[in-house]
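A quick write-up on the structure given underneath.
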Amino acid sequence: MAIDKSLLSRATDSTTAPTPGYLYNDIGQTLTTPQLCIDTVNYLIHRLARNSPHIKKKCCKVLAKLVLHPVNRGMLKRTLAQNPNSIGKIKECTAWRGTMDSVT
């Protein structure tokens, strides 16, 4: 079984609209194996590299919600903790500053 990229892309789109709450539950329901957790984390970490502040915020929120989801039984949290690259990318994201507005 593969990750549902359409759900993840809808949850982390670049619009200013908030992510619908049911998407967190739908994504969490799919995280039943360790490989699905690894693939999901890799997809979300890859999305963090985008320059859109909306994508960065939504990726961090999706990760925060999924870590607490009861279906994955801590597998996603363990996946994040075992991958030092993902922790570094999340820390970079929290310190990210967008482009400066031009002073006119």
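The values are calculated or read from the model by the stated rules, or taken from the named source; none is laboratory data. Only a predicted model underlies this, so the values are computations on that prediction, with no experimental measurement involved. Here the Cβ is made from the backbone with ideal geometry for all residues, glycine too, and neighbour counts use every protein chain on show. Just the protein is used for accessible areas: all its heavy atoms, side chains included, with ligands, DNA and RNA removed. Shrake-Rupley method; radii C 1.70, N 1.55, O 1.52, S 1.80 Å.
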Report, in deg cm²/dmol and to the nearest 500, the calculated mean residue ellipticity at 222 nm for the chain, where each DSSP H run with n ≥ 4 adds -39500 (n - 2.57) and the sum is divided by the residue count.
-> -19000 deg cm²/dmol
From largest accessible area down, sort Ser52, Ser14; use a 1.4 Å probe on the protein chains.
-> Ser14, Ser52
Could you tell me the accessible area of Arg78 in Å² (1.4 Å probe, neighbours in place), rounded to the nearest ten?
-> 120
On average, how much area does the Cα convex hull of the stretch 21-77 cover when viewed from any direction, in nm²?
-> 3.5
Residues with amide H under 5 Å from that of Thr19, placed H, sequence gap 5 or more = none
Which part of the stretch 1-26 falls in the paramagnetic zone of Arg73, meaning amide N under 19 Å from the point 7 Å along Cα-to-beta-carbon?
-> 1
Tell me, what HN-Hα J-couplings in whole Hz come from the Karplus equation 6.51 cos²θ - 1.76 cosθ + 1.60 at θ = phi - 60° for each residue of the stretch 14-26, using x for Gly and Pro?
-> 8, 7, 7, 5, x, 6, x, x, 5, 5, 4, 5, 4
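Sorted by accessible area (1.4 Å probe), largest first, how do Met75, Met100 line up? Show your work: numbers first, answer last.
Values: Met75 20, Met100 175 Å².
Highest to lowest solvent-accessible surface, that is Met100, Met75.
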Pick out which of Asn72, Asn42, Asn85 has the largest mean-square fluctuation in a Gaussian network model of the chain, springs linking Cα atoms closer than 10 Å.
-> Asn85
Gyration tensor (Cα) of the chain, equivalent ellipsoid semi-axes in angstrom = 25, 16, 10
Inter-probe distance in nm under a simple model that places probes 7 Å from Cα toward Cβ, at Asn85 and Ala64 | 2.6
The percentage of the accessible area of the chain (probe 1.4 Å, all protein chains present) made up of carbon and sulfur atoms, to the nearest whole number, is 57
If contacts are Cα pairs under 8 angstrom and at least 6 residues apart, what is the relative contact order of the stretch 12-104 in percent?
-> 34
